[in-house]
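Input: a single structure, listed below in structure tokens.
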Amino acid sequence: MSESTAPTGSPATVNAESIGFVAAASLIGTTIEWYDFFLYGTAAALVFHRLYFPTFDPLAGTLAAFGTYTVGFVARPIGGVVIGHYGDRIGRKSMLVMTLVIMGLSTCGIGLLPTYAQIGPWAPVLLVALRLAQGFGVGGEWGGAVLMAVEHAPERARGFYGSWPQIGVPAGLLLSTAVFTVLARLPEPQFLSWGWRVPFLLSVLLVGVGLVIRLHILETPAFARITEAGAQARRPLVEVLRTHTRELLLAIGVRLAENASFYIYTVFVLVYATEKVGMGKETVLGGIVLAAACSLVAIPTCGALADRLGRRPVYLFGACATALFAYPLFLLLDTGSAPLVWLSLVVALVFAHAPMYGPQGAFLSELFDTRIRYSGASLGSQLSSVVAGGLSPFIATMLLPYGPATLASYLIVMAAFTIAAVLAAAETRDRAIE
């Protein structure tokens with residue numbers, strides 16, 4: 001695979017072959033990191049409340065497990081700020097290598113962690129510490145992976161190539177859920193003893209593959225030109241807050257519905273379907289695998305549509321679909337019928353989530369100038385993830401006793417915020433990347 005042969009310190013020349021390599025590298029790296037991150041959500045729903053909070057009653061234990069899950073989202077803006085700062089100062093590539101190592105080590109650590117029965121209260125404390133490390137790593141990962149693709153992409157294909165790192169989310173979800181689905185078939189004593197640990201330990205092998213690939217990608221042409229001119233921002237975060245406050249708030253707003261709904265569809269649904277509806281966890285995991293597989297096609301399709309129609313129309317379609325499908329989603333889940341449950345998850349991820357997530361990489365990147373793009377896009381994205389993604393399974397579990405109408409209302413409120421933010425934002429499709 002050919003890469004730029006531009007001399008050191010000069011802008012890289014990117015051809016169709018090299019952008020394909022960069023996009024593939026971004027996809028593989030984000031798949032590995034999201035595999036690591038999603039493992040925790042599945043384990044929190046199925047395992048952690050029993051092994052790390054055994055003194056709690058079932059509902060309280062599940063809330064405690066989701067509380068540790070939320071901690072990872074709290075750490076994500078910190079990772080976005082710290083890693084974004086250095087991404088704007090010294091480059092995108094080195095930060096992507098560092099985030100991959102952080103995620104791999106913390107995920108492997110969770111797989112080796114003793115339980116409450118073995119070390120008592122230290123077990124949940126260490127679990128929270130490792131989850132914080134995961135959140136820090138993924139908080140800096142998203143911005144770098146998206147910018148690597150968007151800043152390398154041809155002008156009229158930024159939506160499409162910017163969606164490739166986004167494909168890493170359903171790919172990581174598909175991979176992590178598939179591994180858990182296989183191991184969940186073990187007899188329960190074996191699954192709780194060692195089976196749940198295997199997916200976490202496999203992360204070491206995946207990270208090794210990801211590092212080899214990421215070490216071979218080039219710095220982006222946009223950042224190379226900034227470096228050549230000596231025009232890097234001295235304090236990127238301060239500059240974002242001073243000059244791009246409106247863009248930062250819009251970035252937070254456009255992510256609310258996408259992030260909240262995704263973790264309802266992929267994490268909370270495990271609790272809802274197994275504990276309220278009484279379905280087997282293997283059946284629900286199978287539906288998530290199917291929906292994630294469909295998203296592998298839906299996300300780049302929506303990214304390409306955003307290049308033709310604009311970011312805002314495609315994004316608005318997804319936000320409106322989230323609101324309209326909120327109540328039917330829970331009605332279908334309540335049937336307990338495997339085909340209908342699987343259908344509900346496919347519709348939710350393909351027609352509601354993908355139209356928002358596909359264009360998002362380009363949309364958020366284009367809101368900010370090159371000098372501060374890593375910091376601005378990362379901070380906006382990750383602050384929203386705390387409010388939406390991190391809290392949504394926890395809030396939904398608290399709302400569970402009040403019925404599906406209340407749960408649907410929560411999704412509708414998140415969608416309303418996103419619709420307002422998208423309408424307030426300018427169309428960025430034709431905006432120059434530099």
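The values are calculated or read from the model by the stated rules, or taken from the named source; none is laboratory data. These numbers were taken from a predicted model, which means no experiment stands behind them. Cβ atoms come from the backbone with ideal geometry, glycine included; neighbour counts cover every protein chain shown. These area figures cover heavy atoms from the full protein model, side chains too; ligands, DNA and RNA do not enter into them. Shrake-Rupley method; radii C 1.70, N 1.55, O 1.52, S 1.80 Å.
Quick look at the numbers
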quantity	calculated
Close pairs from the stretch 309-320: first buried (at least 19 other Cβ atoms within 10 Å of the Cβ), partner not in a helix (DSSP H, G or I), Cβ under 7 Å, at least 6 apart	R311/E427; R311/T428; R311/R429; R312/A425; R312/E427
Pair list, Cβ under 9 Å, 6 or more apart: the stretch 201-224 residue of a type in the set (K, R), other residue open to solvent by 50 Å² or more (accessible area, probe 1.4 Å)	R214/I28; R214/K93
Lone unmet requirement of (1) surrounded by 19 or more Cβ atoms within 10 Å (Cβ to Cβ); (2) within 22 Å of V97 (Cα to Cα) for V204	(1)
Failed criterion for E3 (all others in (1) part of a loop (DSSP other than H, G, I, E, B); (2) charged (D, E, K, R); (3) modelled with pLDDT of 80 or more hold)	(3)
Test result for M148, part of a helix (DSSP H, G or I), open to solvent by less than 20 Å² (accessible area, probe 1.4 Å) and not β-branched (V, I, T)	yes
Yes/no for F37 being open to solvent by 10 Å² or more (accessible area, probe 1.4 Å) and aromatic (F, W, Y)	no
Subset of the stretch 149-186 (residues that are under 17 Å from A44 (Cα atoms) and aromatic (F, W, Y))	F180
Enumeration of residues in the stretch 27-52 that are at pLDDT below 80 and over 18 Å from the mean Cα position of the chain (by Cα)	L46, H49
Count of the stretch 267-290 residues which are farther than 15 Å from A408 by Cα, within 23 Å of the chain's Cα centre (by Cα), of a type outside the set (G, A, S) and open to solvent by less than 30 Å² (accessible area, probe 1.4 Å)	6
Cβ pairs under 9 Å, 6+ apart, first in the stretch 84-106 and within 23 Å of L248 (Cα to Cα), second open to solvent by 60 Å² or more (accessible area, probe 1.4 Å) and at pLDDT 85 or above	H85/R235; Y86/M98; D88/R371; M95/Y86
Subset of the stretch 114-128 [at pLDDT below 90 and open to solvent by less than 60 Å² (accessible area, probe 1.4 Å)]	T115, G120, A123, P124, L127, V128
Test: residue in the stretch 168-178 that is in a helix (DSSP H, G or I), surrounded by fewer than 21 Cβ atoms within 10 Å (Cβ to Cβ) and not polar (S, T, N, Q)	yes
Single condition V386 does not satisfy, out of (1) farther than 19 Å from S26 by Cβ; (2) out of contact with any Lys or Arg (no Cβ under 7 Å at 6 or more places or on another chain); (3) among the β-branched types (V, I, T)	(2)
Residue that is nearest to L186 (Cα to Cα), among those in the stretch 54-67 that are surrounded by 22 or more Cβ atoms within 10 Å (Cβ to Cβ) and touching a residue at least 40 places away in the same chain (Cβ under 8 Å)	T62
Hits in the stretch 151-160 (condition: of a type in the set (G, A, S) and part of a helix (DSSP H, G or I))	A157, G159
All positions within the stretch 228-245 that are surrounded by fewer than 17 Cβ atoms within 10 Å (Cβ to Cβ) and assigned to a helix (DSSP H, G or I)	E228, V238, L241, R242, T243, T245
